[in-house]
Amino acid sequence: MSTGSTAAWLRRVVLGVPYLWLAVFFLLPFLIVLKISLAEAIIAMPPYSAVVEWAGDRLRFTATLENFAFLLSDRLYGIAYLNSLRVAAVATFCALVIGYPMAYAIARAPAELRSVLLMLVVVPSWTSFLIRVYAWIGLLAGNGHINNLLTGLGLVAEPLQLLRTDFAVYVGIVYTYLPFMVLPLYTSIARLDWSLAEAALDLGATPWQCFRRVILPLTRGGILAGCLLVFIPATGEFVIPELLGGADTLMIGKVLWQEFFNNRDWPIASAVAIVLLTLLLVPIALFYRYQMPGSSSAAAGLLGAAAGGEARR
Amino acid sequence: MAGVARSFGGVPAVRDVSLDLARGEILALLGPSGCGKSTLLRMVAGLEMPDRGAVFLDGEDITRLPPYRRPVNLMFQSYALFPHLTVAENVAFGLRQARRPPAEVEARVTEMLALVRMESFRQRRPAQLSGGQQQRVALARSLARSPKLLLLDEPMGALDRKLRAEMQFELAGILRRVGVTCMLVTHDPEEAMVMADRVALMRDGELAQVGTPAEVYDSPRDRFAAEFLGPVNLFGGTVVAGGGGGVLTVRVPDLGAEHPVPAPGPEQPGEGASVTVAIRPERLQLAAGDAAARGALAVEVAGRAFLGTHTVYRVRLPGGALATVQQPEDGSPPFEAGRPAYLTVDGAALRVLAD
């Protein structure tokens, strides 16, 4: 074998690994979920009918769109989807409003301070996600720290109902996903050529006009990436609404969980997951469509990872 | 500006600089990197605040004015064109900030792009332009608001050598046509001399010498100024007689004679003081022979380099020191290395340096 063909073969292997990975850990599970979503629920092990089966001499397909039709017929699902999208959108906006100044401050900090500040953003996620959400229960509960402080200071007479509200869900989502907003924003702000901001000031732009007309448009890639990195996992979020939300907090992640584990209706649950994935593909497609030339490809990579992670849920 | 100073973390970048510009004048701040010339420029633009001193424009103190309130515009070394805007939008940026009516903005943009011959590139993005084209757009953008003072930070810094030489003349031509007062920063003496009416030579945050290009080149005040502006021969000498009318008689052993030399400044070195005497290589001349009678020095050619317009010779003087001679290329046969030749010194070009 000549060295040339060895190199070509090696090249193919190296390039093939990520595709193989995607095929085994993304495409295959997705196809399995898709298959289950086309089956009927039965009381058996596994609890769904076979979609493809060997009937003596030929393959027999018995796919049904019943499950998807059911999602349409019961308003509960539609409300849950819309509610999830709303909660995710509001939480994303809050994370952007909080995260942008943070990222800006970190990017503008002296170089020796910058890595410390970045660490401070990332370090909390080294503790278990679950523990951190439980910690919020301790903070928000009726006799939790926040209420104790408020009543102690005499600001409120009765403890506020903070836990088991939508507010608590927002707090939890914004808190959990803030690093995913800050990091891409930081990357795009840090890469910004500061002489552009100086040029804007020099040409008569006040600091606010300079921000709006130069800095904001030039960090659009980071804003888009950060928003999607928060929005996508937040839409399917299950743990946070379950632990912090009230009985009436209806989010699709919770519905999915109930279908799988309470109702043991795998086909419906799979259909819920497929529809969720389809809904999330819209913003991802928009992102790639409107991605500015030169906007962070690292962010796009992160995004792919997030989308893949979401599909596995 | 008067007594302007600025330090960064205790390290002074600019100390006590005072400088005046006349209306319509182009002044070059010239100096090696790190001499504080860019910091000085940024203080005039308002992008740095001086620790001490004040900046005046038309008699008005603008020291504490933020950059967006100063009638001063800066052309950045990197041009700093907004990558998300077209050429026309870049030029219009400052005008829109000033809330000029759209028709006026449009007319001014067209006028400015015509000035820099970039009309046909209106709708391009900066990334689609060459370095020279970007520079023109940057110039149009910084002139669009008709600033009272235009600042240029290393205007040729991002261009390659050949383009640089072309653009120096073109840029200076545009600036003179517009009649705008300019302060430009450069580390290239040739650029300063091509473009500026006056050169302010800076060193270690201070002004070393200010004058027209000819003054600074022909009569450098000290060794730094002499060496920074171009090649120079330096010789040790002794003052024989402090003369009247600011002329000293200096004996220069290497050049084998006593020469009358203008005194470097008000404080004249006394009789018997050792001084450094400078002369530019083009003020020395080699001849093949016969010149001894006119006081020429017999020298030996140590080496030569042909550079097209002229030839540079290294010659060994009778005392053993080496000197550089720049001989215009006029078709006469070259002086061969290792052969004797005769050196004449243009005594009027000798200068005593203040050390």
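The values are calculated or read from the model by the stated rules, or taken from the named source; none is laboratory data. The model shown is predicted, which means the values in this text are computed figures rather than measured ones. Every residue, glycine as well, gets a Cβ built from its backbone with ideal geometry; the counts of neighbours run over all protein chains shown. Side chains are part of the model used for accessible areas, which takes the heavy atoms of the whole protein and leaves out ligands, DNA and RNA. Shrake-Rupley method; radii C 1.70, N 1.55, O 1.52, S 1.80 Å.
Stretch A:Val24-A:Asp57 to full length: gain in nm at 0.36 nm per residue minus the Cα-Cα span?
8.9 nm is the gain from fully extending A:Val24 to A:Asp57.
Near A:Leu250, within a Cβ-to-Cβ distance under 15 Å, what is the net charge of the other residues, with Lys and Arg +1 and Asp and Glu -1?
On the way: positive: A:Arg75, A:Arg86, A:Arg164, A:Lys254; negative: A:Asp74, A:Asp166, A:Glu237, A:Glu242, A:Asp248, A:Glu259.
Taking every other residue near A:Leu250 into account, the sum is -2.
Only bridges whose two residues both fall in chain B count here: according to DSSP, what percent of them are antiparallel, nearest 5? Bridges in chain B that DSSP calls antiparallel: roughly 75 percent.
Between A:Ala69 and A:Val90, what FRET efficiency follows from the Cβ-Cβ distance if R0 is 22 Å, with the result rounded to 0.05?
Working: r = 31 Å, r/R0 = 1.39.
For R0 = 22 Å, the calculated efficiency reads 0.10.
Taking only the Cα atoms of the stretch A:74-308, the ratio Rg/Rh comes out at 1.03, with Rh defined as the Kirkwood radius. Over the stretch B:157-306, all Cα pairs binned in 10 Å intervals from 0 give whole-percent P(r) values of 9, 29, 30, 20, 12, 1, listed from short to long. Taking label points 7 Å from Cα along the Cα-to-Cβ direction, B:Arg23 and A:Phe167 give a separation of 6.5 nm. A simple spin-label model places pseudo-atoms 7 Å from Cα toward Cβ; at A:Val17 and A:Leu155 they are separated by 5.3 nm. Set the Cα radius of gyration of the protein assembly as shown against 2.2 N^0.38 Å, with N its number of residues, and you get 1.45. Couplings 3J(HN,Hα) for the stretch A:43-59, derived from phi with the Karplus relation 6.51 cos²θ - 1.76 cosθ + 1.60 (θ = phi - 60°), are 8, 6, 9, x, x, 8, 6, 6, 8, 10, 9, 8, 9, x, 10, 8, 7 Hz, where x marks Gly and Pro. Taking the 1.4 Å solvent-accessible surface of chain B as the whole, the part contributed by carbon and sulfur is 50%. Net length available on complete extension from B:Glu206 to B:Asp58 is 50.9 nm, with 0.36 nm assigned per residue and the Cα-Cα distance removed.
Suppose every Lys and Arg Cβ carries +1 and every Asp and Glu Cβ carries -1, with no other charges. What dipole size does the stretch A:74-308 come out with about its Cα centre, to the nearest 20 debye? Show your work: numbers first, answer last.
Numbers: 13 positive and 12 negative charges, 68 e Å.
With Lys and Arg at +1 and Asp and Glu at -1, about 320 debye.
When only DSSP loop residues count, what GluC sites (Glu not before Pro) in the stretch B:198-282 have their Cβ near at most 12 other Cβ atoms within 10 Å? Passing sites in the stretch B:198-282 are B:Glu267, B:Glu271. For A:Tyr48, the residues whose modelled amide H falls within less than 5 Å of its own, excluding neighbours fewer than 5 places apart on the same chain, are A:Ile42. Maximal additional length on extending the B:Ala214-B:Ala241 stretch stands at 7.0 nm, based on 0.36 nm per residue less the C-alpha distance.
Listed values for the stretch A:13-25 are Karplus-derived 3J(HN,Hα) couplings in whole Hz (6.51 cos²θ - 1.76 cosθ + 1.60, θ = phi - 60°), namely 5, 4, 5, x, 4, x, 5, 4, 4, 4, 5, 6, 9, and x replaces Gly and Pro. Across the stretch B:34-39, rounded Karplus estimates of 3J(HN,Hα) from the backbone phi angles (6.51 cos²θ - 1.76 cosθ + 1.60, θ = phi - 60°) give x, 8, x, 5, 5, 4 Hz, Gly and Pro being marked x.
Within the stretch A:204-280, report the trypsin sites (Lys or Arg not before Pro) that DSSP leaves as loop and that have at most 16 other Cβ atoms within 10 Å.
Details: sites: A:Arg212, A:Arg213, A:Arg220, A:Lys254, A:Arg264; in loops: A:Arg264.
Passing both the DSSP loop test and the Cβ count: A:Arg264.
Between A:Leu34 and A:Trp208, the FRET efficiency from the beta-carbon distance, with R0 = 45 Å, is close to 0.35. Report, for the protein assembly as shown, the % of DSSP beta bridges that are antiparallel, rounded to 5. Percentage antiparallel, nearest 5: 75. Label-to-label distance for A:Met119 and A:Tyr290 is 3.8 nm, based on points extended 7 Å past Cα in the beta-carbon direction. Would you mind checking the stretch A:262-290 for residues with the amide N under 20 Å from a putative spin-label position 7 Å along Cα→C-beta of B:Glu89? The answer is A:287-290, whose backbone nitrogens lie closer than 20 Å to the label point.
Return one whole number: the accessible area per residue of chain B in Å², for a 1.4 Å probe. Spell out each step's value before the answer.
Working: 16000 Å² over 355 residues.
For chain B, the solvent-accessible area averages 45 Å² per residue.
Summing +1 for each Lys or Arg and -1 for each Asp or Glu, what net charge is found among the other residues whose Cβ lies under 13 Å from the Cβ of A:Ser49? Here the count lands on -2. Kirkwood-type hydrodynamic radius, chain B: 23.0 Å, calculated from all non-identical alpha-carbon pairs. The distance from the alpha carbon centre of the stretch B:55-74 to that of the stretch B:101-152 is 23 Å, rounded to a whole number. Shown is the FRET efficiency for B:Lys162 and A:Leu281, computed with R0 = 60 Å from the Cβ-Cβ distance and rounded to the nearest 0.05: 0.70.
Exposed loop sites were defined as trypsin sites (Lys or Arg not before Pro) in DSSP loop states (anything but H, G, I, E or B) carrying at most 11 other C-beta atoms within 10 Å; in chain B the longest segment without such a site runs B:100-355. Using the Cβ of A:Ala271 as centre and a radius below 11 Å, the other residues enclosed give a net charge of -3, where K and R count +1 and D and E count -1.
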